[in-house]
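Here the structure comes first, spelled out in C-alpha cells, and everything after it is commentary.
The values are calculated or read from the model by the stated rules, or taken from the named source; none is laboratory data. Being a predicted model, the structure only gives us computed values, none of them experimental. Note that each Cβ is placed from the backbone with ideal geometry, even for glycine, and that neighbours are counted across all protein chains shown.
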C-alpha cells in the first residue's frame, strides 16, 4: 500500500520542486521510502511521485515509480493473484527482474492493454504513462477500496491518492463546488465522481480514464470516465436457480478463497474483530486455515450501550486468537478529532472514523496489514434500514394512491413543528417530512434516497443560502434493469455504489493510512461480490432475518449462542460528548460571526439547530456533527 501523486502538464510549467512537495504530503501512506521521477517529453512536464509501504517484495526491486521499456507506472494497492498472472506472462515470453506485483501490472498492460484489468484480483489505483504512444492510463479498482483523485484544467492534469497533494501545486484552484456542499449535508460525504472543489474529481470505482497528450494540450473540457466493471451487471441477471445447501457450500468456498488471497503478504497480518457476523466470519475462517495464531484487534467504548468489545473478546477466546483491546475514551477521541480534516481532505461526517482510527492505531503496533469485514452488509443484506424499507414499502404500496395523495396534500398544509403533542417526539419533524415525500412516491428509489439523506429538502432550503442545481448520483442511476431486480436487490446495489465506496472505504483508507497500516477487505473480492448479487433474495433476507446465509456459515464455526444478539453499529457516544466535553468547540465553530463570514449557511438556522440539540433534541446530533466537521475542514483548508 502506498501513496501516489504526480502531474502531466501541457504548459510545461510544473517543476521537480513542486513534485517533491506533493509527494511529501503522503509520507504517512508510505513511511518505508519515497521516490519520484521528473522529466519532459515533447514540451510536457511529467512528474510521478510515490511513497512506499512495503508489503510484497520488501527489496529495492519493488521501488516506484517503476519503468519498463516505454512505460512508467505509479501504483497504490495490491494484486493478490499476481503470481498466477506472472506465470501466464512468462509462458508468453515475458521475463521479470523483481518479485513485485507492480512489475506484473506493467507487463500485463503491455500484453493485453486495457483488458489486463479483467485478470486482476485486488485493490488498486494506478497511472501508466506510455512514452511511445504519448498517452496516460488511469484506473481505480472495481469496488473503490483505493482512492484516486484528479484535477484537470488549462492543460494540467494532477492526480493523487489524497486531495491534499493538490494544494502544493501553485496552479491548483481551490474553488468550492456549492452543489457538493449540499451532497455532503445529505450523505455526510461527497459521492464520486464529485469532490468539494470545482474541476476536481474522484475516479469512480470500476472506472478508467485513458487520454492522449494531444487531448490534454487541446484542453478538452472533460476527461471521460469509462466503466470497465459494474456490480449492476451481476444484478441485471436472473437469480441463480440452486438449492440453499448448494448456495451455502459455494458461498463458503468463495469466502475462503477470497479471505486467503488477502493473507498474501511479506509482513505480519491481523484482523479487526467486532463480534458481529462479518468480522467473526473472517476471523474464524482464517484462524482455522492458518498455521499460526491470528492477531485480532477491537475497540472498547465504555460509555456506550453499543460497546461490542465484550462480544469480541468472547469470540477471540473461543477461537484462540492473540487479542488486543483498546479503550475509546473521550480523551482519546479528542486527540484524533483535530486531525480529521487533514487526513480526510474533504468534509466527512461519519463519526465512526474516530473508533476506526483508534483500532488502526493499536493494530499498527503489532502488524502492518489488517483485514476488516466491510462489505458484508451490502453483499448479504445486513443493514437495519432494509427492514424499514421492505416492511414500510409494502404498507405504503398497499395504500390506495388516492388516499396517499390526500394524506400528502394535508401534510403539506401543516408544518411538523406546529403539530401539538407530536412535535416534541424524537426525530418527529424529520420523519414527518420523509413520510410526506414517500406518500407521493413509495418506490424503492425514493425510499432509499429519503432514508439515506440526513437533511430533507425543507431543512436544506432553510440552511443553505444559495441552493444549486442538484448533481446526479448513483441514486438516480438507470443502469439497473427492473426485469430482474427486487426492492432488496435495488437497495443492495445502490448501497454498494454509494455508501460502501464513498463512506466506508473512504473511512477505512484514511483511518488506516494515517497510521501507515494497510487495510484489506476480504468480502470485496469481485468474484464473491458477483456471486452474492445473484443469490435469491430469501437466501440473504429470510422472514426478517438479515444475512441469513452468512449466519449459517458462521454457525458452522462458532456456537449459535455466542452469536445471536441484536446488530450493533461501530459507534461512539458522540452526542453525549458534544453536549459536554466539546460544547465550547461547537459554540466556536458554529458561531454566528463565523457562519456569516463564510457565506454558505444561514446563521439563524445554524443557531436554531444548535439550540435544539443542546436542549436535548438528539435527532439533531448528526446534523450538528456534519456542520462541525465542515467548519473544521474549512478552517484547515480554506482559511
Residue that is nearest to residue 130 (Cα to Cα), among those in the stretch 195-212 that are part of a loop (DSSP other than H, G, I, E, B) and over 20 Å from the mean Cα position of the chain (by Cα): 199
Test: residue in the stretch 591-604 that is closer than 20 Å to residue 454 by Cβ, outside the structural domain of residue 360 (by TED's automatic domain parsing), in contact (Cβ under 8 Å) with a residue 40 or more places away in the chain and assigned to a helix (DSSP H, G or I): no
Positions within the stretch 557-578 being modelled with pLDDT under 95, in contact with a helix residue (DSSP H, G or I) (Cβ under 7 Å, 6 or more places away or on another chain) and crowded, with 18+ Cβ neighbours inside 10 Å, in sequence order: 563, 570, 572, 574, 575, 577, 578
Count of the stretch 357-373 residues which are surrounded by fewer than 24 Cβ atoms within 10 Å (Cβ to Cβ) and either touching a helix residue (DSSP H, G or I) at 6+ places or on another chain (Cβ under 6 Å) or outside any loop (DSSP other than H, G, I, E, B) (or both): 4
Residue in the stretch 589-599 that is modelled with pLDDT of 95 or more, surrounded by 14 or more Cβ atoms within 10 Å (Cβ to Cβ), in contact with a strand residue (DSSP E or B) (Cβ under 6 Å, 6 or more places away or on another chain) and over 19 Å from residue 620 (Cβ atoms) present: no
Subset of the stretch 2-25 [buried (at least 19 other Cβ atoms within 10 Å of the Cβ), under 28 Å from the mean Cα position of the chain (by Cα) and either on the phi > 0 side of the Ramachandran plot or modelled with pLDDT of 95 or more (or both)]: 3, 4, 5, 6, 7, 8, 19, 22, 23, 25
